[in-house]
């Protein structure tokens, strides 16, 4: 196992007016990584919270305005291991429940005559990779999946993939976090999908294949060489915080929490380094 320290620096001049605090994702242990712990500044007031379904944890932190540029360390070991069943259990989500367009696209795949689950998975992956042209953007496309060709980022591509996997009853999990390209130290946000079919665990990153113009998508974490760290599992997490319902699309990076339940991304800089001895972190 190789151990890494992900350093997340809050890059804020001040805490946004009205913010109750910040929600920091607690990296999950997955089939590809083991969470070793995290270290937050001792002056912060923190408590652990979980999503309504109990599948994802986070640290709710409040701190003084002068601490708005503080550092959080997360230690993660990258290693192969067993997949976590809970991450693959079906869950409702505003962005992953198939609509009519997904149902129509699914029907066009004509999977009824294909009994082999892995062959069904292969056809779904191929269809999504043919359907999209990769484009990095912060927004989401609202175009229906029935369009001949779509332009989208990793969020669009993986949302479409999961809708078809759900219709095909293929077990799948969604992870979002950071990717660090080989030779770099700065980390950028990225997401990917893992599947279990006929007892075989695989990772799929269609977006990175399309980004490099690789024609056939193969299973694997790094079609672009580098490191990735999952910060959370699942789409559309919902937290109950002091009788306040807090919903968001993703919890990839820390988010400011406001009294009305709304959230906003914290401005952060994320860097990664290899460590020989992870810190003992609560």
Alpha-carbon centroids, the range 107-130 and the range 1-79: separation in whole Å: 39 Å
For the chain, modelled as a Gaussian network with Cα springs under 10 Å, which listed residue fluctuates most, 194, 137, 129? 137
Note the full-extension length gain between residue 1 and residue 136 as 0.36 nm times their separation in residues minus their Cα-Cα distance, in nm to one decimal. 45.4 nm
Checked the range 87-229 with the C-alpha gyration tensor, a ≥ b ≥ c its square-rooted eigenvalues, rounded below a/c of 1.5, otherwise prolate if a/b is larger than b/c and oblate if not; verdict prolate
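Sequence gap at least 6, Cα distance under 8 Å: using those rules, report the relative contact order of the chain to the nearest whole percent.
Values: 598 pairs, mean separation 77.2, N = 282.
Across the chain, relative contact order equals 27 percent.
I'd like to compare 175-182, 97-104: which one has the highest average count of other Cβ atoms within 10 Å, and what's the full order after that? Before the final figure, lay out the partial values.
Details: 175-182: 21.0, 97-104: 14.4.
Result, highest mean first: 175-182, 97-104.
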Once both axes come from the Cα atoms, what is the angle between helix 117-131 and the longest principal axis of the chain, in degrees from 0 to 90, rounded to 10? 80 degrees
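Full extension from residue 260 to residue 67: what is 0.36 nm times the residue separation minus their Cα-Cα distance, to one decimal in nm? All intermediate terms of the calculation are to be shown ahead of the outcome.
Working: separation 193, 0.36 × 193 = 69.48 nm, distance 2.34 nm.
Working it through step by step, the gained length comes to 67.1 nm.
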Angle between the Cα long axis of helix 154-167 and the longest principal axis of the chain, 0 to 90 degrees, nearest 10? 50 degrees
State, to one decimal in nm, how far the label point of residue 182 lies from the label point of residue 48, with both points 7 Å from Cα in the Cβ direction. 3.7 nm
Build a GNM of the chain with springs between Cα atoms under 10 Å: which of 168, 86, 31 gets the top mean-square fluctuation? 86
Expected 222 nm ellipticity per residue - DSSP helices of 4 or more, -39500 (n - 2.57), all of the chain, to 500: -4500 deg cm²/dmol
Which parts of the range 3-20 would a label at residue 273 reach, counting a residue when its backbone N lies under 15 Å from a point 7 Å out along Cα-to-Cβ? 3-9
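Only the coordinates and a few stated rules stand behind these numbers; no lab work does. In this text the structure is predicted, and so the values were computed from the model without any measurement. No Cβ is skipped: glycine too gets one built from the backbone with ideal geometry, and neighbour counts run over all protein chains shown.
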